[in-house]
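Okay, structure first, notes after.
FYI, it's all coordinate maths here, none of it is from the lab. Fair warning: this is a prediction, and the values are worked out from it, not measured in the lab. Reconstructed Cβ throughout: ideal geometry from the backbone, glycine too, with neighbour counts over all protein chains shown.
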Amino acid sequence: MAAVLPRSDYNDNLAELTSLAESAGAIVVDRFQQRIRTINPATYLGKGKVEMLAGRVKRFNADVIIFDNDLSPAQIRELETVTQTKVVDRSELILDIFATRAQTKQAKLQVELAQLQYTYPRLTRMWSHLDTVTGASGGPAAGAVGAIGVRGPGEQQLEIDRRLVSKRINELKRELEGIDERKLREIRGRKDFFQVSIVGYTNAGKSTLLNALTDAGTFVEDRLFATLDTKTRKWSLSRGVEVLLSDTVGFVRNLPHQLVASFKATLEEAVFADLLLHVIDVSNPDVVAQVESVNGVLSEIGCEDKPVLEVFNKVDAITDVSPLEMLQTLHPDAVTISARTGLGLDELALAITRHYKGRELVLRVTTSQANGKVQSFLRTYGQIVNERYDDGQAIIDVRMGKNQLPELERLRPEKVEVIEG
């Protein structure tokens, strides 16, 4: 059972913390919040609130207290002393959820690294129960432990644990570097394809969308962080137009920095993408804050200047259209869909095709009549406006997207002129 104590500027944060706790397997029996002007360095909360918290824990027989904040090791230690109950902060909760969701070797290593980086500065807390052990001189621990030559077993064990954790962190980093390098080579090797990366808040419907557009078969469930592993599939938008579509790990408000760093290679899918599909759950009452959180993470990983197409998902689940109308005013180019029912997916394909092609141009392409590759490319990817043949040459006027010019030029036509656009 769990008593949940978040700090929140929005009531919706309580709902999100509850969902996170339930995703970790907790049963929420109570929750409350407090607006704090000054954080108590010892317990985060004020003395009166801590006493009230201890009373609630006893009343509901709770065995875990979850804070919607990141707490220092000292604050956790003091709160656990007063309440006689395990205290978990927001980052530790999210790391625990990621640990239960990781399936592939890469994801498991990434989560373990993030957990150890979180744990390392908190090892003192784990050995605080040995602070009263008598030192070698026979004096009480308060005076003996820590003195040169008279350290107690708690401090000795702490140093051993720090060395072990530090060693394991270095091992994981080396192993992940090898995996990350292979992953990055794989991503960079797709440069001949137009790459579309699906990003968004956790549980916004990214995996459902990937499954609706391709044969990915990604695991889908109505829970936070249902999938951690990236999948990439080809998607045929229209005749002759194929893109690579990749899912990414879901974002969340105040995503722990350890996870952002550990999942760097996974997030590189977004960094190297030609277009980001920002999937937004318009049925969520906290949709505006979720959009801001995703934009914050994208900025943190260097994607703030990437082309983005907003996708308003779960339109079939809304009961109040006012938030959707406001979002449509703020994002007039967004596409409204339901990945679950298929509503709007054709419009989404058209919008991505426009991004794929770029600004439309009319080109005059001169090539040898024997160069069938150029003529086939023009007929597949463009719209023929006019064509004529003279003295072994084909002169073709074609309407096509600017982004397709580099691929056309690789086929070595004799001449390409822009005559319109």
Long-range amide H partners of VAL199 with built H, under 5 Å: LEU277, HIS278, VAL279
For PHE194, residues with placed amide H under 5 Å, excluding near neighbours: LEU244
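How much length would be gained if the chain were fully extended between GLU300 and THR319, taking 0.36 nm per residue of separation minus their Cα-Cα distance, in nm to one decimal? Before the final figure, lay out each step's value.
Values: separation 19, 0.36 × 19 = 6.84 nm, distance 3.36 nm.
Once the chain is fully extended between GLU300 and THR319, it gains 3.5 nm.
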Label-point separation in nm, ASP346 to LYS173, each point 7 Å along Cα→Cβ: 5.4
Within region 273-297: backbone nitrogen closer than 16 Å to the ARG354 label point (7 Å, Cα to C-beta): 275-278
Signed unit charges on C-beta, dipole axis of region 359-420, positive-most listed residue PHE377, GLN393, VAL362: PHE377
In nm, spacing of pseudo-spin labels at GLU407 and ASP333 (7 Å Cα→C-beta vector): 2.0
Sorted peptide list for 358-366, 270-278, 298-306, 337-345, criterion being average Cβ within 10 angstrom, highest first: 270-278, 337-345, 358-366, 298-306
Long-range HN-HN contacts of LYS86 with modeled amide H, under 5 Å: ILE65
Protection-proxy order for peptides 17-25, 36-44, each taking the mean of Cβ atoms within 10 Å per residue, highest first: 17-25, 36-44
